[in-house]
Amino acid sequence: MIENLQRILKTAWQGLKRNGWLSIACITMITLSLILFSSMLLFNYISNSFINVLKSKMDLSIYFQNNIPEEDVLKIKDELLKNDLIDSITYTSKEEALKNFEEQAKYNPALEQALNLVGENPLTASLNIKAKNPKDYDKIINAINNSDFKDKLLQIDLTQNQRIINRMNTISWLIKIVSLVVIGLLVFLSFIISFNTIRMAIYSLREEIEIMKLVGANNWFIRGPFLLEGILQGLVASVITTIIFTTAILIFGTKIENFVPGSGLAIYFWSHFWFIFFWQTVFGIFLGAISSFWALRHYLKI
Amino acid sequence: MSLVYFKNVSKSYNGNLILDDITFSLEPGEFVVLVGKSGVGKTTLLKMLIRDELPTKGKIYFNNQDIGKFKPHEVAILRRKIGFVFQDFKLLSNKTAYENVAFAMEVAGYPESTIKRDVPEVLKLVNLEHIADHFPYQMSAGEKQRTVIARALIQRPELILADEPTGNLDPINTWEIVKLLIKINELGTAIILATHDKEIVNTLGKRVISLENGKIIRDEKEGKYII
């Protein structure tokens, strides 16, 4: 048994070495497949974080009438926090609102003038609400409209946010579906190409397989080295892919970060290095072994 | 007990009858020459004996076992008991002479120590020890054919099938191969030699089975090539 395994290992190694060009062609194709596969993992992450960045920029503001005391506003804030849909609420007092406004007005003489004209602080206290899930802003607005403190409110930033919310939801859904379909198609195509390359490699060795059969080798004795070769090719391809990705992340990581701020692609890559490497290797080995097994089936019939 | 027994064997491809009602037997240690024109079905007959082809009708027995009923692993074992020498050599192109011969032992599960002992011996027997590490593309036709014979011999088969083994060889190499086959037969291995080389047949003076139009037309001890 052990002797047989040793022989299979030896034969596989010889096959890789002595059919150099075929091995290189197969490894190249599997590598391309794996690059697509791992790009899928990373792209999926980037698009998710891109959507999350956009979503985190959404919020809902409610403005209180000028005569509402601060304690009431804070009470309302506490009450709202009991709502499961709400993630966080930031309170901005009249004074803080003025300060912020003055800060902005510094660069805009017209605003500064307007403020001076009014004389007193025209701004109101407000609560800035962030939902746990952007889809729920509608429900939160409804809840606010039906609450007891509705008449204490001056305004809810409703219409504008509604539009953004809807668009955001559509876009994120679209990005996900389109990217999944495109990537799924690419992975499938690369799988077919790898499979065909391996099949052609085995086709070119069909005479050898025939001879092995005529000399009295049983099917597993013939299949073993080919499967192992496929597995080794998958493994080598995975290592090459990892080297390519590592280099790419080292060189382009910061550029991608600029393009999609807050994506943290490099951080994600390093923290998930072994996760990506594992699945990529599993996929590579699966591709190599399954292709070899399938391609051999035809030649091993007696 | 016969080593080989063909019982009313017929073979047709797409309705074309190649072999028609072939019946003959072969005793252990016998040397039989199978003659007939090219395309008469000699190769098909030999291929059926290692179950590379199946008969359309009839049965083939090896050591009294119906090989038509063999399962795949039994077919593999059958092929280890019958050495096959092909006209086109059928050597593994990415293995050296030594490895080609050793491969036949590896498939049969011989331990490495036995392989290391036997392969050089057999290579010596066929006079190839000096090119043991050559690949097929580095060998002459005669050297290739002797490698094939070494591979057929290594498993100590009960029977060697030689299908036009000299078809691709010059006269000098041809006689070397024929002498080698005689030597192997003298050591106790039965041989079926398929050929259309009149000179070989007439010089050998062994049993001759003549095929014509898919039928056995003559089966003589110490026969001649008459077609």
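Please treat every number below as a calculation from the coordinates, not as lab data. This is a predicted model, so every value here is computed, not measured. With ideal geometry, Cβ positions are generated from the backbone for all residues, glycine too; neighbour counts draw on all protein chains shown.
When DSSP beta bridges are limited to those with both residues in the protein assembly as shown, what percentage is antiparallel, rounded to the nearest 5? If you can, show how the numbers build up before the last one.
Numbers: 32 of 50 bridges.
Of all bridge pairs located within the protein assembly as shown, approximately 65 percent are antiparallel.
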**Request:** Can you give me the three principal axis dimensions of segment A:51-123 from its C-alpha atoms, in Å, biggest first?
**Result:** 43, 35, 13
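Beyond a 21 Å Cα-Cα separation, which of these cross-linked pairs lie in this structure: A:K213/B:K71; B:K71/B:K95; B:K37/B:K224? Write down the numbers at each step before the final one.
Numbers: A:K213/B:K71 14 Å; B:K71/B:K95 29 Å; B:K37/B:K224 14 Å.
Pairs exceeding the cut-off: B:K71/B:K95.
Summarise the partner chain shielding of A:7-18 as one whole number: the mean count of Cβ atoms from other chains within 10 Å of each residue's Cβ.
On the way: counts 7, 1, 0, 2, 6, 0, 0, 3, 1, 0, 1, 4.
Taking all residues of A:7-18 together, the mean is 2.
In units of 2.2 N^0.38 Å, what is the alpha-carbon radius of gyration of segment A:71-196?
Numbers: Rg = 22.7 Å, N = 126, 2.2 N^0.38 = 13.8 Å.
Computed over Cα atoms of segment A:71-196, the ratio equals 1.64.
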**Request:** Select from A:H298, A:I89, A:W270 the residue farthest towards the positive end of the dipole of chain A; place +1 on Cβ of Lys and Arg, -1 on Cβ of Asp and Glu, and compute about the Cα centre.
**Result:** A:H298
**Asked** Among all the aspartates and glutamates, which ones have a C-alpha under 18 Å from A:K301's C-alpha, if same-chain residues fewer than 8 places away are not counted?
**Response** A:E207, A:E208, A:E210, B:D52, B:E53, B:E74
**About the Cα centre, charge dipole magnitude for chain B (Lys/Arg +1, Asp/Glu -1 at Cβ), debye** = 500
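How fast does segment A:216-270 diffuse by Stokes-Einstein, in µm²/s, taking the Kirkwood radius from C-alpha pairs at 10 °C and 1.306 mPa s?
Values: Rh = 13.9 Å.
In µm²/s, the coefficient is 114.
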**Item:** Whole-number D in µm² s⁻¹ for chain B, Kirkwood Cα-pair radius fed into Stokes-Einstein, 10 °C, 1.306 mPa s
**Value:** 89
**Prompt:** What is the count of Lys pairs in segment A:59-161 whose alpha carbons sit under 17 Å apart, if the two are 8 or more places apart or on different chains?
**Reply:** 16
**Charge dipole magnitude, Cβ of K and R +1, D and E -1 - the protein assembly as shown, Cα centre, debye nearest 20** = 1860
**Prompt:** Can you give the average number of partner chain beta-carbon atoms within 10 Å of each beta-carbon in peptide A:218-229, as a whole number?
**Reply:** 2
**Asked** What are the aspartates and glutamates whose alpha-carbon lies under 15 Å from the alpha-carbon of B:K179, with same-chain residues fewer than 8 places away excluded?
**Response** B:E143, B:E164, B:D170, B:D197, B:E199
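When the dipole is taken about the Cα centre of segment B:143-227, and only Lys, Arg (+1) and Asp, Glu (-1) are charged at their Cβ, what size is it in debye, to the nearest 20?
On the way: 13 positive and 13 negative charges, 39 e Å.
The calculation lands at about 180 debye.
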**Request:** Could you give me the percent of Cα pairs per 20 Å distance bin for the protein assembly as shown, shortest bin first, beginning at zero and ending with the bin that holds the maximum distance?
**Result:** 17, 31, 19, 14, 12, 7, 1
**Item:** Cα principal axis extents for chain A, largest first, Å
**Value:** 102, 40, 31
**Message:** Give the separation of the Cα centroids, segment B:164-227 to segment A:223-253, in Å.
**Reply:** 55
**Item:** Convex hull (Cα only) mean projected area of segment B:88-223, reported in nm² to one decimal
**Value:** 8.9
**Request:** From the P(r) of segment A:12-88, can you give the percent of Cα pairs sitting at distances over 21 Å?
**Result:** 64
